[in-house]
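Encoded as structure tokens, the structure appears first; notes follow it.
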Amino acid sequence: MSGKQLIGFILGLGSLLLGIWAPFESLEPRIQLVLGLVLFAVIFWTSEPIPLELSSLVLLLLFPALDLLSFYDSFSPFAGKTLWLVFAGMVLSLGITETGLGERLAEYLMRHLGRSPARLLLHLHLIGLVASLMVPSGLIRILLLMPIGIAVVDYLGNRQAPLLNAAVLLSLLCSTYYGGCGVLTGTVPNLVVAGQLEKFGDRVVYWGEWLRWMFPVIGLLRTGLCFAVIWFLLGRKIQPESLRPRTPPRARRKFDPLQCRVLLILLLGVALWSTDFLHQLAPVYVALGLVLLYTLPRWGAISFADIRKVNFPFLFYIAAMFSLGTSVEASGFNKHFIELVSDRLPLDYFGLPASYLVLSLMVVPLDFLMDIAAVAGVILPPMLALGQSHHMAPLPVALSVAMATSLVFLPYQAAPFMVAYSYRRFSMGTLVLVMMTISLLSLLILFPLNVLYWHWTGLI
């Protein structure tokens, strides 16, 4: 155990014990307990004194042991769509790796992406952003893009180069997630916000409408911000000669039958995901259908036995992340927090355009306590009521909440980042540094700019 891990172990365990036994009279016992568990989870997931999957299983067992959730509720995420979407994405990703499709795609991409570090990273950012317009699930996009990015690094013969691994993979990860927040179907929190707005605000928001109000700043400019941050922190340190293949380029090879089959199945998936507004099939059903095609006897690209290579223990983390959000909500913390903040921050004081920015800032602290998709579902109804009491229109209130839930400072806040980290091709420290920088600059620069854009174009 390294020094950092030992410190994490002590702090995490201390936070848990503090939550159980500390006599904080200003907090209800259940709220105090759940906050101790949140700190325990955050510290253990970030510093990893024990494997991520093991700490997640411990957390799942602590919820019923401490009477925060029943055993059924603690493990209920295993019956949820998100966990099975992750599983399906892992299988699809496995097919790209096992058949060598990733290598063929890497060879093709390196002939067209450019040999300078700046051009390579810029093109990777554009690929990630375009993917967010076509595939309506951040998890699936990450699981499809990661093996291709890894193949690009391996094609250059730099498998063990931490700088190149981080720059290439984080370019794809950050552009497709952070940039995808500007697209209605780009992230799960966006879809949750839209659903809650229709249910509690009696207002339907359309794909093109979301694109108009969010994509110019939160999608396009934010992707540019991601590129600038990754270039400054990582890309400018890459030597151009490291982008030349270590082995002589081979003659152009055609895709073999198995690779063609995988590519055909994936293109079918993209077609179905991008037209979900027509057939109304949830992404998880499409993904599991593709898994069936992948493993069809005598035709599929991989055998069913190959699925054993999937990182099944990682699913404990996905389940624990959602159960953590459930426990926070069940403790009554969210209601307590909203009442406290709304009393301390009178929206009328700030004026109408600025009040939407303040509303976003009110939501941000909750992003650290649970998965941001859960934040979107829990926080929007009371925020709509708060906005109505201050004569704020439902749509910009919902979009303000969506801006807040697009901030992901730490990997545990959104499953796609932890899924990308599970490939172990970059360090947790590098990932946190990039994410913190992008999110802080988004909060300080892009959020005010987006509210001004709404004001200038007549939304508010």
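Residues in the stretch 177-188 that are without any contact (Cβ under 8 Å) to a residue 60 or more places away in the chain and crowded, with 24+ Cβ neighbours inside 10 Å: GLY179, GLY180, GLY182, GLY186. In the set (1) under 22 Å from CYS174 (Cα atoms); (2) part of a loop (DSSP other than H, G, I, E, B); (3) of a type outside the set (A, V, I, L, M, F, W, C); (4) modelled with pLDDT under 90, HIS391 fails one condition alone, (1).
Do the conditions hold for PHE215, that is, is it touching a helix residue (DSSP H, G or I) at 6+ places or on another chain (Cβ under 8 Å), modelled with pLDDT under 90, assigned to a helix (DSSP H, G or I) and surrounded by 14 or more Cβ atoms within 10 Å (Cβ to Cβ)? Considered against the rule, which asks whether it is touching a helix residue (DSSP H, G or I) at 6+ places or on another chain (Cβ under 8 Å), modelled with pLDDT under 90, assigned to a helix (DSSP H, G or I) and surrounded by 14 or more Cβ atoms within 10 Å (Cβ to Cβ), PHE215 comes out as no.
When the stretch 362-384 is filtered for residues that are in contact (Cβ under 8 Å) with a residue 60 or more places away in the chain, assigned to a helix (DSSP H, G or I) and among the aliphatic types (A, V, I, L, M), the ones remaining, listed by number, are VAL364, ILE372, ALA373, VAL375, ALA376, LEU380, LEU384. LEU59 satisfies every condition listed in (1) surrounded by fewer than 22 Cβ atoms within 10 Å (Cβ to Cβ); (2) over 23 Å from VAL284 (Cβ atoms) except (1). For the stretch 189-206, filtered to residues that are in contact with a helix residue (DSSP H, G or I) (Cβ under 7 Å, 6 or more places away or on another chain) and more than 13 Å from THR405 (Cα to Cα), the residue that is surrounded by the fewest Cβ atoms within 10 Å (Cβ to Cβ) is VAL204. For LEU220, are the conditions met, namely being under 19 Å from the mean Cα position of the chain (by Cα) and surrounded by fewer than 16 Cβ atoms within 10 Å (Cβ to Cβ)? So LEU220 passes the test. With respect to (1) at pLDDT 85 or above; (2) part of a helix (DSSP H, G or I), the lone exception for ARG203 is condition (2).
For the stretch 412-424, the tally of residues that are surrounded by 21 or more Cβ atoms within 10 Å (Cβ to Cβ), touching a residue at least 60 places away in the same chain (Cβ under 8 Å) and not small (Gly, Ala, Ser) stands at 5. When the stretch 103-146 is filtered for residues that are charged (D, E, K, R), more than 15 Å from the chain's Cα centre (by Cα) and within 30 Å of ILE318 (Cα to Cα), only GLU103 remains. Of the candidates ALA404, ALA398, the single residue that is in contact with a Ser or Thr (Cβ under 7 Å, 6 or more places away or on another chain) and among the hydrophobic types (A, V, I, L, M, F, W, C) is ALA404. Residue under question is PHE417, and the condition is that it be closer than 28 Å to PRO77 by Cα, modelled with pLDDT of 90 or more, part of a helix (DSSP H, G or I) and aromatic (Phe, Trp, Tyr); does it hold? Yes, satisfied.
The values are calculated or read from the model by the stated rules, or taken from the named source; none is laboratory data. Note that the structure is predicted; figures quoted are calculated from it, not measured. Please note: Cβ atoms are built from the backbone with ideal geometry, for glycine as well, and neighbour counts cover all protein chains shown.
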